[in-house]
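Below is one structure; the comments refer to it alone.
The values are calculated or read from the model by the stated rules, or taken from the named source; none is laboratory data. Everything numeric in this text was worked out from a predicted model, so none of it was measured. Cβ placement follows ideal geometry from the backbone for every residue including glycine, while neighbour counts extend to all protein chains displayed.
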Amino acid sequence: MNEHTHRSRGILARASLALGLILFLVACDRGGEGGAAGEADVPEAQRYGGTAVVATYGDVTSMLSLTSSENTGRMLQQEVLFMPLIKFDEEINPVPWLAERWDTVRVAPDSLDLIFRIRRDVKWHDGQPTTAKDVLFTFERAINPLTVYPGISSFDFYSRRAELMDPYTVRFRLRPHSDFLAQWYDLPIMPEHILGEVPPEGLAKHPFGPSKPLGNGPFRFVRRSPGVEWVFEANPDFPAALGGRPYLDRLVYRNIPEQTTLLTELLTGTIDVYMAPNPNQAEQIKNAPGVRLSASPSRQWNYLAFNTRRPLFRDARVRRAIAMGLNREEMVRALVYGYGSVGRSTVTPIHWSYDENDPQTMLPYDTAAARRLLTEAGWVDRNRDGIIENAQGQPFRFTLMTNAGNDLRRDIIQIVQAQLRPVGIDVRPQLVEFNSMIDQLYDPSRPFDAVVSGWVESFRKDDRDILHSANIDKPQQYVGFANARADFLIDTLGVITDREEARPLWREYQHLMVREAPYIPLYYPERLNGVRTRLQGAVIDIRGELPTVAKWWILPSERRAGTAVPRAGRDSARRDSAPVAT
């Protein structure tokens, strides 16, 4: 888990909801999300108490929404510690959250005013009120390039100036574009009275994110043991109109670097939710007593990405050849166990324009064609050693990186190595700690060849952050891709709100991404979770693992004092590894 979060544009369509419902029904057949037996028999007053432990194989390094991009960290920010202006309901409709309501006013053919009216009953956990000033501060820091907010381009269509209309009302002016509310879910509001004096360039290193976060959400920060755990406790002052204090006394997020250990701890009851188990563990989870397997739609796509700045990968023919040398269907059959589908383009099955019957959205597995493309690009086995070389005699050899601790990705890079050897390419697998991998990807010098990782989409679809040439020096555009037609399509699709008008452009964009192949989408996974049946109210769906966390509760007979809050000392031996990515 803990993938990168890619804040893309394009809210999930009703068509994608139909897909989601189909997958959800399948999920229910596999273990589903529904409440466990006994829920109706426990009065609400008896649901308070206990500690739930959520775990996966990745460290969460920061709670500062303006600088972090880890998917698990983002969920904890959105649902646990802080409050975004909006949330999404089960049908993926935006609903008020920190904002009591919003209004839109057309002020010109190409301009819209978006007015948020902030709730008056939300306080920061130090007792200070949350106001429109906090919203304005968060926006101004997000659009400041010195902050290096990963989702900065999601505000490209906003005026740089916003206005405080009164202490609880803020107005933004923007160019109409698709799903303009979604970025306000992606960006939980930060406290101006704590961070207002911190210069934008200093936010990433400020202790607020890793060790001293102050929230306003349903849970309060208690402590962090770096590399081991985050501990939160119920906020007794959370507004009654939004559900009041959570049922749980405490929520713990743990980083356990090994999937075999995660499975053991789930089955023995040390943890309550094992996020993103290896699909090869699914049957064991399904058949274990006291545990259920949750399988639901996901916004994730896993990929092999190239650093196109490297001479090896500048030629699109070479990138296409690598895609055609990979048997992705076999990879999915061997590793995903039916909990996912073969990757096609950067547009995933949750998007309304996705068409699995369009042959131009996926390069076929064809090693003969791959070898022909490589020959056209000047790569031939000149010394008959089985590895192709260019005209200067340089062998086609590269390092393929992924995050340690993710057994599935470890297996993927080994399969890629085996499948590309017959076409004359020498792949060197490399496992690195998750944060080290992100450091390499985001480092301005881009010191990597290629990577297997993943993106978790926002409720928008816009590849601006990861593929537009205007962002080529920004952290998430680490593939270094630049294509004028791609830029035009990304820019145009961002402002078309009529789907029938946008459909042919989306089709062209998908075809272009397949031909250019800066990313090779390997597969679209389902969201898997192992959940102890003692945990009630845990709805896990396309929104993520935590949309109902404030209403999680533990059967009174199964609350165990002390067992759910691990001591940092007991887990200190696990600090040496932290893996996960979208």
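Checking each residue in segment 409-448 for being of a type in the set (Asp, Glu) and touching a Gly at 6+ places or on another chain (Cβ under 9 Å) picks out Asp426, Glu433.
Report whether or not Asn144 is touching a strand residue (DSSP E or B) at 6+ places or on another chain (Cβ under 9 Å) and modelled with pLDDT of 95 or more. For Asn144, the condition - touching a strand residue (DSSP E or B) at 6+ places or on another chain (Cβ under 9 Å) and modelled with pLDDT of 95 or more - is not met.
Residues of segment 321-357 that are more than 12 Å from Ile520 (Cα to Cα) and either among the basic types (Lys, Arg) or not assigned by TED's automatic domain parsing to the domain that holds Arg503 (or both): Arg333 alone. Residue count for segment 393-407 satisfying the condition of being crowded, with 20+ Cβ neighbours inside 10 Å and under 19 Å from Gly340 (Cβ atoms): 3.
Okay, residues lined up against (1) of a type in the set (A, V, I, L, M, F, W, C); (2) in contact with a Pro (Cβ under 6 Å, 6 or more places away or on another chain):
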{"position": "Leu312", "(1), (2)": "yes, no"}
{"position": "Val318", "(1), (2)": "yes, no"}
{"position": "Ala321", "(1), (2)": "yes, no"}
{"position": "Gly325", "(1), (2)": "no, no"}
{"position": "Glu330", "(1), (2)": "no, no"}
{"position": "Val336", "(1), (2)": "yes, yes"}
{"position": "Tyr339", "(1), (2)": "no, yes"}
{"position": "Gly343", "(1), (2)": "no, yes"}
{"position": "Pro349", "(1), (2)": "no, no"}
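Here the condition is being at negative phi, in a loop (DSSP other than H, G, I, E, B) and in contact (Cβ under 8 Å) with a residue 40 or more places away in the chain; of Pro236, Pro257, Pro207, it holds for Pro257 alone. The condition of being over 16 Å from the mean Cα position of the chain (by Cα), closer than 26 Å to Asp411 by Cβ and not charged (D, E, K, R) holds for only one of Val456, Val452, Val432, that being Val432.
Being at pLDDT 95 or above, more than 26 Å from Trp506 (Cα to Cα) and either part of a strand (DSSP E or B) or assigned by TED's automatic domain parsing to the domain that holds Gly58 (or both) is a condition met by no residue of segment 298-314. Taking segment 296-315 as the range and being more than 30 Å from Asp541 (Cβ to Cβ) and among the aromatic types (Phe, Trp, Tyr) as the test, the residues that pass are Phe306, Phe313. Taken over segment 159-171, residues that are crowded, with 18+ Cβ neighbours inside 10 Å and either modelled with pLDDT under 95 or outside any strand (DSSP E or B) (or both) amount to 2.
Taking the conditions exactly as written (modelled with pLDDT under 95, closer than 19 Å to Thr346 by Cα and assigned by TED's automatic domain parsing to the domain that holds Met324), does Pro475 satisfy them or not? Criteria met by Pro475. Could you say whether any residue in segment 274-288 is touching a residue at least 60 places away in the same chain (Cβ under 8 Å) and more than 15 Å from Leu528 (Cβ to Cβ)? No: segment 274-288 contains no residue that is touching a residue at least 60 places away in the same chain (Cβ under 8 Å) and more than 15 Å from Leu528 (Cβ to Cβ). Taking the criterion of being part of a loop (DSSP other than H, G, I, E, B) and either touching a residue at least 60 places away in the same chain (Cβ under 8 Å) or at positive phi (or both), the residues of segment 384-431 that qualify are Arg384, Gly386, Gly393, Phe396, Ala404, Gly405, Asn406, Gly424, Ile425. Scoring Ser345 on the criteria (1) touching a Ser or Thr at 6+ places or on another chain (Cβ under 6 Å); (2) of a type in the set (S, T, N, Q); (3) free of Cβ contacts under 8 Å to residues at least 24 places away in the same chain leaves a single failure, condition (3). Among the residues of segment 98-154, those that are among the aromatic types (Phe, Trp, Tyr) and either under 23 Å from the mean Cα position of the chain (by Cα) or farther than 15 Å from Arg171 by Cα (or both) comprise Trp124, Phe139, Tyr149. Evaluate segment 368-383: report whether one residue or more is hydroxyl-bearing (Ser, Thr, Tyr), touching a strand residue (DSSP E or B) at 6+ places or on another chain (Cβ under 9 Å) and outside any loop (DSSP other than H, G, I, E, B). So far as segment 368-383 goes, no, none of its residues is hydroxyl-bearing (Ser, Thr, Tyr), touching a strand residue (DSSP E or B) at 6+ places or on another chain (Cβ under 9 Å) and outside any loop (DSSP other than H, G, I, E, B). Restricted to segment 53-85, and to residues there that are of a type in the set (D, E, K, R) and either touching a Pro at 6+ places or on another chain (Cβ under 8 Å) or part of a helix (DSSP H, G or I) (or both), the residue that is modelled with the highest pLDDT is Glu79.
A count restricted to segment 301-317 and to residues that are within 27 Å of Glu376 (Cα to Cα) and in contact with a Phe, Trp or Tyr (Cβ under 7 Å, 6 or more places away or on another chain) stands at 7.
Among residues of segment 260-289 being of a type in the set (Val, Ile, Thr) and part of a loop (DSSP other than H, G, I, E, B), the one that is surrounded by the fewest Cβ atoms within 10 Å (Cβ to Cβ) is Thr270. Taking first residues from segment 115-134 that are assigned to a loop (DSSP other than H, G, I, E, B) and partners that are charged (D, E, K, R), the Cβ contacts under 7 Å between residues at least 6 apart in sequence or on separate chains come to Arg119/Glu100; His125/Arg220; Thr130/Lys123.
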